[in-house]
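Written out below as structure tokens is the structure these notes cover.
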Amino acid sequence: MNLLSVSNLHVNFHIKKHELAALIDVSFTLNRGERIAIVGESGAGKSVLGFSIVNLISKPGYIHSGSIKLENKDISKMNLRQLQEIRGKRIAMIFQDPMMTLNPVLTIGDQLVETIRSHTRIAYKDAKNIAIQKLQHVQISSPETRFNQYPHELSGGMRQRVIIASVLLLNPDIIIADEPTTALDVTIQAEILQLLLSICEDNGVALVLISHDLGVVSKVAERTLVMYAGRIVEEGPTLEIINDPQHPYTQGLLNALPQMALPGQRLNQIQGSMPSLSERPSGCAFHPRCPYATEKCQQEQPSFINSGVSSVACFIVEDMLNEFADEEEAYL
Ligand code: SF4
């Protein structure tokens with residue numbers, strides 16, 4: 001059984017009497033210990049999806065339809081008490097800015113001990129020992145000293161390590177990491193990604209990494225889902241997505257990576273920008289930015305089809321596959 005199965009998920013925002021779709025027909029699965037990535041530009045729906053998984057979409061947003069099953073229990077139908085049981089304990093979240101999670105007026109130690117004692121009845125001294133062990137586990141130097149420090153006394157990278165330590169306290173099955181390294185400089189980014197990777201591997205924790213950066217994703221995720229305007233437009237093994245992207249949007253994201261530009265050359269960009277929820281184009285929402293768009297693309301939504309080991313929603317890929325199939329049939 002899959003650990004997590006998201007099926008036909010639709011999330012809407014009800015704004016000024018209008019229903020705006022933020023997620024449209026999103027489906028994917030996650031196995032125990034698997035690492036997947038959700039990639040796309042800002043506004044693609046990645047974070048909405050991350051929050052939806054733990055049913056944390058706040059008004060005016062809401063889950064319109066579909067299901068989010070953790071094993072056989074539907075998170076989208078759970079009441080607050082049931083949600084509190086799974087948030088943190090079964091599914092934990094890490095955000096881009098650790099200060100969103102850390103309380104600035106409490107020491108690191110007090111926050112970690114409070115997390116442990118709110119879920120387990122143990123003495124302060126024992127909780128402190130566990131907290132210090134977890135700080136060591138995430139390679140924080142002088143953990144006894146850090147235990148007594150406030151968040152503002154630590155660097156950004158160290159704060160993110162503290163968050164990872166706090167997430168580990170409750171041994172979750174799934175970590176959702178929403179742009180966990182975006183606010184950090186490049187060398188620290190690599191260290192935090194490596195830490196996340198080894199923690200997931202060592203503890204059999206599944207990871208949902210949300211990122212705008214395919215370069216970051218390629219270092220960590222086994223499978224990648226590319227999102228555009230609230231839909232998944234391509235899904236497949238990360239290596240396949242990086243080496244042979246099928247969807248024009250995925251190709252654009254890859255071309256826009258700084259390492260794809262020649263020295264002295266301007267960075268490649270996908271022309272135009274992500275549409276807002278209220279201005280979603282008709283048909284394939286990527287058509288105003290797509291170099292291959294046809295009239296059909298402006299009118300119809302392509303369906304998600306299998307293309308080798310990946311799946312993709314694009315008419316040109318569909319046409320190519322149909323041509324191959326016809327040629328093969330003619331040959332036989
Ligand atoms: Fe481009 Fe059309 Fe494919 Fe959309 S369906 S990505 S507009 S070619």
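Take the residues in the stretch 146-160 that are polar (S, T, N, Q) and exposed (fewer than 13 other Cβ atoms within 10 Å of the Cβ); name whichever of them is modelled with the lowest pLDDT.
Filtering first and then ranking leaves SER155.
Residue by residue, here is whether (1) touching a helix residue (DSSP H, G or I) at 6+ places or on another chain (Cβ under 7 Å); (2) closer than 29 Å to ALA21 by Cα; (3) not basic (Lys, Arg) holds:
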position: ILE174; (1), (2), (3): no, yes, yes
position: THR182; (1), (2), (3): no, yes, yes
position: GLN194; (1), (2), (3): no, no, yes
position: THR238; (1), (2), (3): yes, yes, yes
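Between residues in the stretch 184-197 that are at pLDDT below 85 and residues that are of a type outside the set (Asp, Glu), which pairs lie under 6 Å by C-beta distance while being six or more apart or on different chains?
Every condition considered, the pairs that remain are LEU184/GLY156; LEU184/GLY157.
Those residues that are part of a strand (DSSP E or B) and among the β-branched types (Val, Ile, Thr), I need them from the stretch 231-268; list them, please.
Within the stretch 231-268, ILE232, VAL233 meet the criteria.
Filter the stretch 162-178 down to the residues that are surrounded by fewer than 23 Cβ atoms within 10 Å (Cβ to Cβ) and more than 13 Å from LEU30 (Cβ to Cβ) and list them by number.
Passing the criteria: LEU168, LEU169, LEU170, ASN171, ASP178.
Given the structure, is GLU318 touching a Pro at 6+ places or on another chain (Cβ under 9 Å) and either over 16 Å from LEU23 (Cα atoms) or within 8 Å of the ligand (Cβ to nearest atom) (or both)?
Considered against the rule, which asks whether it is touching a Pro at 6+ places or on another chain (Cβ under 9 Å) and either over 16 Å from LEU23 (Cα atoms) or within 8 Å of the ligand (Cβ to nearest atom) (or both), GLU318 comes out as yes.
Within the stretch 236-254, identify whether any single residue is within 8 Å of the ligand (Cβ to nearest atom), under 30 Å from ILE15 (Cα atoms) and not basic (Lys, Arg), and answer yes or no.
Yes, some residue in the stretch 236-254 is within 8 Å of the ligand (Cβ to nearest atom), under 30 Å from ILE15 (Cα atoms) and not basic (Lys, Arg).
Consider LEU209 against the criteria (1) crowded, with 21+ Cβ neighbours inside 10 Å; (2) over 19 Å from ASN31 (Cα atoms); (3) in contact (Cβ under 8 Å) with a residue 40 or more places away in the chain: it satisfies all of them except one. Which criterion is unmet?
Evaluating LEU209 over (1) crowded, with 21+ Cβ neighbours inside 10 Å; (2) over 19 Å from ASN31 (Cα atoms); (3) in contact (Cβ under 8 Å) with a residue 40 or more places away in the chain leaves (2) as the failure.
Please go through the stretch 274-311 and pick out each residue that is more than 9 Å from the ligand (Cβ to nearest atom), assigned to a helix (DSSP H, G or I) and either on the phi > 0 side of the Ramachandran plot or in contact (Cβ under 8 Å) with a residue 24 or more places away in the chain (or both).
The answer is LEU277, SER278.
Given the conditions (1) surrounded by fewer than 16 Cβ atoms within 10 Å (Cβ to Cβ); (2) in contact (Cβ under 8 Å) with a residue 24 or more places away in the chain; (3) in a loop (DSSP other than H, G, I, E, B); (4) more than 10 Å from the ligand (Cβ to nearest atom), and given that GLN271 satisfies all but one, which numbered condition is not satisfied?
(2)
Can you tell me which residue is modelled with the lowest pLDDT among those in the stretch 211-270 that are closer than 13 Å to ALA44 by Cα and among the aliphatic types (A, V, I, L, M)?
LEU253
The values are calculated or read from the model by the stated rules, or taken from the named source; none is laboratory data. Bear in mind that the values here come from a model prediction, so they are computed numbers and not experimental data. Counting neighbours? That spans all protein chains shown, and the Cβs are built from the backbone with ideal geometry, glycine included.
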